[in-house]
Amino acid sequence: MIKSKHLSAYTPSNMSPETLEFIFVQRHKLLEKSVGWIEESLLTDKKNHLLFVGARGSGKTHLITMIINRLKVSKNLDDLVVIWLGEDDVIMSLTSFALAIINKMASTYPIRFNNKCLEEAKGKNPDEVANIILEDIKKQAGHTTLLIVKENMSDVFYGLKDLGQKRLRAYLQENNHISLLGTSQKLFDGVSSRNSAFWGFFDIHHLNSLSVKEASQLISNIAKLNQDDELVDFLNSSQGNYRIRALHYLAGGNHRLYIELANFLTKASLDNFVDAITQLADHLTPYFQERIRSLSPQQGAIIQKLCELNGAIQVKIIAEALFIDERAVASQLQILKEMGYVIVHKRGRAAYYEIAEPLLRLSLEVKNNHGKPLKIIASLFRAWFSDKELLANRDKGNLLLKEYCQTALEQKEILNYLEFSIYSDLNNNKKNYNKVIKYLDELLSYSEIIGKEEHKAIALLGRSVAYLENGNKKQALHDVTQLIKTKNISNEWIIKALQLRSIIYLQQENISLCLSDLDKIENFKDIPLDIKYWLIFLKAKIHYSLLDIKNARNSLKKVFLEMDKESENYFVKNEWILGAISKLGTNYWKKEIEFLLSLYGKYCFLSYLASELIISIRIFINNETMHSSFRKWAELWQEASTTYPEMQPAIEALNASVEALVVGNDKPLFVLPKEIRELILPMFGDKLN
């Protein structure tokens, strides 16, 4: 059993410098530059003062801890003095700020510094006390520049108030022995207002959230640290990538969430995505509750109401629901936006606010709703971001062509010189299939040297795909048929060839020959699962297009009857089934909708049907002749799905999309949770104002 190293999501300074360096992602350039800027500040008269701004959990403490760690081992610094003030130190004035510095100097470097000046300060008024302490700090520092580190710098400025800020700014301007390194959850007037004393004083750097790729890299780094090779391999697979994409949609790019997740994540738990999300939510519920308790009562009430209402909400609605003055709500929402709790969508004069992190909302719903909303959304996202995205693209050719070419070129070293040319064309998306055909012609000319019919067959298949992508269906059909007739090659390549030929026949609308090839594939034993489910779904689509409802249903039933524990990974997410049903006409819709709900519900696969239903929105958006029947489609699904709570996110998405298409803007979509709305918006393209 792998024993995970403890990672502190809240106190990175408790971790070793080596661990922090190992798991670090995203900000390598900023880290290197920051170390350089501070070194310059400590070694020269040019003082650089850095302020990192980012939401709670965005990795601010991790970053400044690494900066300090690197400064400590820098060969350029012989005399490094770091005065790291407490994150939660209460600063009420310039006096208390100076007091915090002198006390930290004395406790951190007791041999070098002291706080004896406090004896002299006793009995003096606060302004005199501040002057005494600041002068003593200057005296004790001598020619050394002190690096003052303070998190939550906004609290310091709030305590200093305007006069204290002006006095501190004057002190730093007149003296050259302090460099400031700070963090803040948001910009604050003390540095952002042109009228403030510290306008233009700090070099301000906003810390972005993690992208999907960066989140995956962070988890992978932690898995490597824990020597969890199984999880590392899974994260590098397409399926692992889709799991992280799904997680990112719900959790956003908050560094701390991924550190928390990595503390209990394994390949098995990530593969079982619903359990991973519910476990993460369970771990994070106290964290989210504490975050809300740290807010003012009014701010906390607004956050809780936004979680309850879902979607993006106008200020007036929030104010009415809470019986709070609308102007007060607007003011608090602006603060919450700056703190990273909410985001705003401006539409003309109207503003719509929502929770920035969907997982915060879903986690807080867990206790009140026994986890049901979270499990439904997690199941839907597991279905949405799955390997079927790859499988749905198998008939697009480029993926197959790369696969076949790679297999062919790996057979003999004599052919290695062709590899670079082929991949430089395909990977750069030039789609210069004439060149690829030329390369494969040359490849085939080496058939005698290659020495095996199978190698020739593989090249034939690659050239067939290239011809197909180049629009030459006749030559593509010739090559793939020649391959199918070739003797002494493995069934694997015959199956792939039949698969490709069935696609060509389908494009030529030669349905009978297409179905014949699909039947031939089915007759093979041990068909790869991806191809097996691909052909069954394709046959169902074809039967629906022929109004052969009975055989279409039988094909779909066969999918579920032949399922095993691996089958879920190969469910094809595409527009095939619902696309075919949508084109049957409204008279057929009701019965087929009821059939699908019953079938998918029986085998507990409704999350996949919900995913496919959301995708069907694109069919109606892109086909103007179907706009008029879109509402009917949504109504029938809603009527039939009343007893299937797993379908509700998709039903809500359908209804909102109908209204958005009617009015021509995205306002109707604001009733949807952020994570669902972001799936749908790209489908509309430029059709919404």
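Read-outs: derived from the displayed coordinates by stated rules, not from any lab. A quick note: this is a predicted structure, and the numbers were derived from the prediction, not measured. Cβ coordinates were reconstructed from backbone atoms using ideal geometry, including for glycine residues, and neighbour counts include every protein chain displayed.
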Can you pull the one-decimal nm distance between simple spin-label points at Ile204 and Glu678, each 7 Å off the Cα toward Cβ? 2.5
Along the principal axes of its C-alpha atoms, what lengths does the chain span, in descending order and rounded to whole Å? 100, 68, 47
For segment 60-67, 3J(HN,Hα) per residue [Karplus equation, 6.51 cos²θ - 1.76 cosθ + 1.60, θ = phi - 60°, Hz, x = Gly/Pro]: 5, 5, 4, 5, 5, 5, 5, 4
Filter the GluC sites (Glu not before Pro) in segment 475-529 to those in DSSP coil with at most 13 other Cβ atoms within 10 Å of their Cβ, and list the result. Glu509
So how do Met15, Met105 line up by other beta-carbon neighbours within 10 Å, fewest first? Met15, Met105
Starting from the Cα of Tyr10, step 7 Å along the direction of its Cβ; do the same at Asn76; then give the gap between the two resulting points in nm. 3.6
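Filter the cross-link list Lys224/Lys375; Lys60/Lys346; Lys60/Lys674; Lys557/Lys591; Lys267/Lys602; Lys591/Lys632 down to pairs whose alpha-carbon distance in this structure exceeds 18 Å.
Lys224/Lys375; Lys60/Lys346; Lys60/Lys674; Lys267/Lys602, as the Cα separations exceed 18 Å there.
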Each label sits 7 Å from Cα toward the beta-carbon; between Gln334 and Leu187 the label points are separated, in nm, by 1.3
Could you list the trypsin sites (Lys or Arg not before Pro) in segment 182-280 that lie in coil according to DSSP, counting only those with at most 11 other Cβ atoms within 10 Å of their Cβ? Arg194
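Can you put Asp78, Asp666, Asp519 in order of Cβ neighbours within 10 angstrom, beginning with the fewest?
Working: Asp78 7, Asp666 20, Asp519 13.
Result, fewest neighbours first: Asp78, Asp519, Asp666.
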Nearest 10 degrees, 0 to 90: helix 273-293 Cα axis against the chain principal axis: 20
Among Gln332, Ala106, Val149, whose Cα sits farthest toward the positive end of the charge dipole of the chain (+1 at Cβ of Lys/Arg, -1 at Cβ of Asp/Glu, about the Cα centre)? Gln332
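If you keep only loop residues by DSSP, which trypsin sites (Lys or Arg not before Pro) in segment 12-106 have at most 11 other Cβ atoms within 10 Å of their Cβ? Each step should come with its number before you reach the end.
Working: sites: Arg27, Lys29, Lys33, Lys46, Lys47, Arg56, Lys60, Arg70, Lys72, Lys75, Lys104; in loops: Arg27, Lys46, Lys47, Arg56, Lys75.
Answer in residue order: Lys46, Lys75.
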For segment 134-141, Karplus couplings with θ = phi - 60° (6.51, -1.76, 1.60), whole Hz, Gly/Pro x: 5, 5, 5, 4, 4, 5, 5, 5
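What ratio of Cα Rg to 2.2 N^0.38 Å holds for segment 573-689?
Working: Rg = 13.3 Å, N = 117, 2.2 N^0.38 = 13.4 Å.
Normalised Cα radius of gyration, segment 573-689: 0.99.
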Amide proton proximity set for Val81, modelled H, under 5 Å, gap of 5+: Leu147
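Would you order Phe323, Phe202 from fewest to most other beta-carbon atoms within 10 Å of each residue's own beta-carbon?
Details: Phe323 6, Phe202 20.
Ascending number of Cβ neighbours within 10 Å: Phe323, Phe202.
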Selection from Phe620, Ile577, Leu681, by position along the positive dipole direction of segment 573-689 (Cβ): Ile577
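Gain in length, Glu128 to Ser294, computed as 0.36 nm per residue apart minus the alpha-carbon separation, to one decimal in nm? Please list the in-between numbers first.
Details: separation 166, 0.36 × 166 = 59.76 nm, distance 3.39 nm.
Answer, rounded to one decimal: 56.4 nm.
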Enumerate the amide H contacts of Val342 below 5 Å, restricted to partners 5 or more residues apart or on another chain; note that Pro and chain-start residues carry no placed amide H. Lys337, Ala356
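At a Förster distance of 41 Å, what's the computed FRET efficiency of Thr486 paired with Asn236, Cβ-Cβ distance as r, to 0.05?
0.75
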Would you be so kind as to identify which of Ala262, Met563, Thr285 lies farthest towards the positive end of the dipole of the chain, taking Lys and Arg as +1 and Asp and Glu as -1 on Cβ and the Cα centre as origin? Met563
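For Cα pairs less than 8 Å apart in space and 6+ apart in sequence, what is the mean separation divided by the residue count of segment 27-206, i.e. the relative contact order in percent? Walk me through the numbers on the way to the answer.
Working: 255 pairs, mean separation 59.0, N = 180.
Rounded, it is 33 percent for segment 27-206.
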The rounded separation in angstrom of the Cα centers of segment 21-53 and segment 271-343 is 34
Only bridges with both residues in the chain count here: give the DSSP antiparallel percent, nearest 5. 30
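Between Lys525 and Gln314, what is the FRET efficiency for a Förster distance of 45 Å, r being their Cβ-Cβ separation, to the nearest 0.05? Write down the numbers at each step before the final one.
Numbers: r = 61 Å, r/R0 = 1.35.
Efficiency, rounded to the nearest 0.05: 0.15.
What is the dipole size for the chain, taken about its Cα centre, with +1 at each Lys and Arg Cβ and -1 at each Asp and Glu Cβ, in debye to the nearest 20? List each step's numbers first, then the result.
Working: 86 positive and 82 negative charges, 186 e Å.
The calculation lands at about 900 debye.
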Which residues' amide hydrogens lie under 5 Å from the amide hydrogen of Gln314, considering only partners 5 or more residues apart or on another chain, with H built in the peptide plane? Tyr353
